[in-house]
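Below is one structure, written out as structure tokens, with a few remarks after it.
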Amino acid sequence: MQAFVSAVEGSAIHQLVVGSAWAWPVMEIIHFIGLSLLLGSLLVIDLRMAGFFRKIDVTATHQLLPWTFIGFGLNLATGVLFVMGDPARYTANIGFWWKMFLVAVAGLNALWFWVKINPVMKTWEPHADTPVLAKTIAWISLCSWFGVLLLGRLIPYIGTG
Amino acid sequence: MFEWLEGTPVAIWVGESLWGYPILLACHAVGLAIVVGTFVMRDLRLIGLFKGISYESLDSLRKLGWAGFVVNAISGCFLFTSQATTFASSTPFLLKISMIFLAAICAAIIQNKMRDEASAWDGAGAAAGSVRVIAMLSIALWTGAIIAGRLTAYL
């Protein structure tokens, strides 16, 4: 890990991030906008898939998915830059690693959705209740992403492991 | 008045206890994601995206959005007490509060219009022009509130 930290701190991107007083706040702003798009679109998709909001056509909620990916893309890009800007602090922080673990859980859960739910979703009744498997995946998604949000906000306050 | 507020037991708990400030910040982040996320998704639909979702069904999101708003109004008040004099004289903070106030008015106008006209918009295939403008304004205000909120920590 020390080799990784040294390599990052010698990189041009690291210099770019720490070299400007504006880089960090601008990245934070983008990270906050990204999390609003990611979680906002997932709230609608997942809560409907969990059986709430039945007035909303469940088969149409996937139209929000591009905004989930836009939000995730913004946060992946700015997130990588945060780590490159301050590698020693993040790699030593247990909250950061738990956050990354939950991102991985959310990713595997999304894969589960893609394999098991996405192919059959189009055959669902638009305003009916949803199967137990869909509800399970929806709640895992919401819990893992809100866990990511909480851990992310608490990184500055959680001990360094 | 703000100095008195900073001296109250609540403000001292927020500012000095080990977990008071971080827990309130965490609540504030969750509320932010809910209120901004939900209202912006509704606004994007009103502008003309997500055509498979009917305008009438959008009303489902109203309570969720306001729930996030309330979480942040409460956690925000607690956070404010700990540094009341600093916040009260911070330009980005005052801008943030003004934009949130205006965004809440936009949300109120939008839901009143939706209650009366949503089924007509579903028939026509698009929301009224004035509502689309307010929806765009709402997105701009929430984005502005996030920008000003983040900058409050720096300026």
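Every number in this text was worked out from the coordinates using simple rules, so none of it is lab data. Quantities reported herein were computed from a predicted structural model and do not represent experimental measurements. In this analysis, Cβ positions are derived from the backbone assuming ideal geometry, glycine residues included, and neighbour counts consider all displayed protein chains.
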Distance between the range A:41-67 and the range A:1-32 - C-alpha centres, whole angstrom: 36 Å
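What helices does chain A have that are whole DSSP H segments, at least 18 Å long along their own axis by Cα, and with mean Kyte-Doolittle hydropathy of 0.5 or more?
Taking the DSSP H segments of chain A (at least 18 Å long, mean hydropathy at least 0.5), we get A:23-49, A:65-85, A:94-116, A:132-154.
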Would you mind finding the longest exposed-site-free stretch of chain B, with exposed chymotrypsin sites (Phe, Trp or Tyr not before Pro) meaning DSSP loop and at most 13 other Cβ atoms within 10 Å? B:20-153
Which of these, A:Leu37, A:Leu74, A:Leu16, has the largest mean-square fluctuation under a Gaussian network model of chain A (Cα springs below 10 Å)? A:Leu16
Can you give the relative contact order of chain A as a percent, counting alpha carbon pairs under 8 Å and 6+ residues apart? 33 percent
Given A:Lys99/A:Lys122; A:Lys99/B:Lys51; A:Lys122/B:Lys96; A:Lys55/A:Lys99; A:Lys55/B:Lys96; A:Lys122/B:Lys63, which pairs have Cα atoms separated by over 30 Å? A:Lys99/A:Lys122; A:Lys99/B:Lys51; A:Lys122/B:Lys96; A:Lys55/A:Lys99; A:Lys55/B:Lys96
Which helices, counted as full DSSP H runs in chain B, have an axial Cα extent of no less than 27 Å and a Kyte-Doolittle average of -0.5 or above? B:20-47, B:61-82, B:91-124, B:129-152
Net length gained if the chain between A:Leu76 and A:Ala128 were fully extended (0.36 nm per residue, minus Cα distance): 15.2 nm
Compute the separation of the alpha-carbon centres of the range B:110-143 and the range B:83-106 and state it in Å as a whole number. 25 Å
Could you tell me how far the Cα centroid of the range A:120-153 sits from the Cα centroid of the range B:5-25, in Å? 35 Å
So, with +1 on the Cβ of K and R and -1 on the Cβ of D and E, and no other charges, what is the size of the charge dipole of the range A:1-105 about its Cα centre, to the nearest 20 debye? 320 debye
Quick one: compute the contact order of the range A:75-161, relative version, from alpha carbon pairs under 8 angstrom and 6+ residues apart, as a percent. 54 percent
About its Cα centre, the protein assembly as shown carries a charge dipole, from +1 on Lys and Arg Cβ atoms and -1 on Asp and Glu Cβ atoms, whose size in debye to the nearest 20 is 520 debye
Dividing the Cα radius of gyration by the Kirkwood radius, what Rg/Rh value follows for the range B:51-155? 1.08
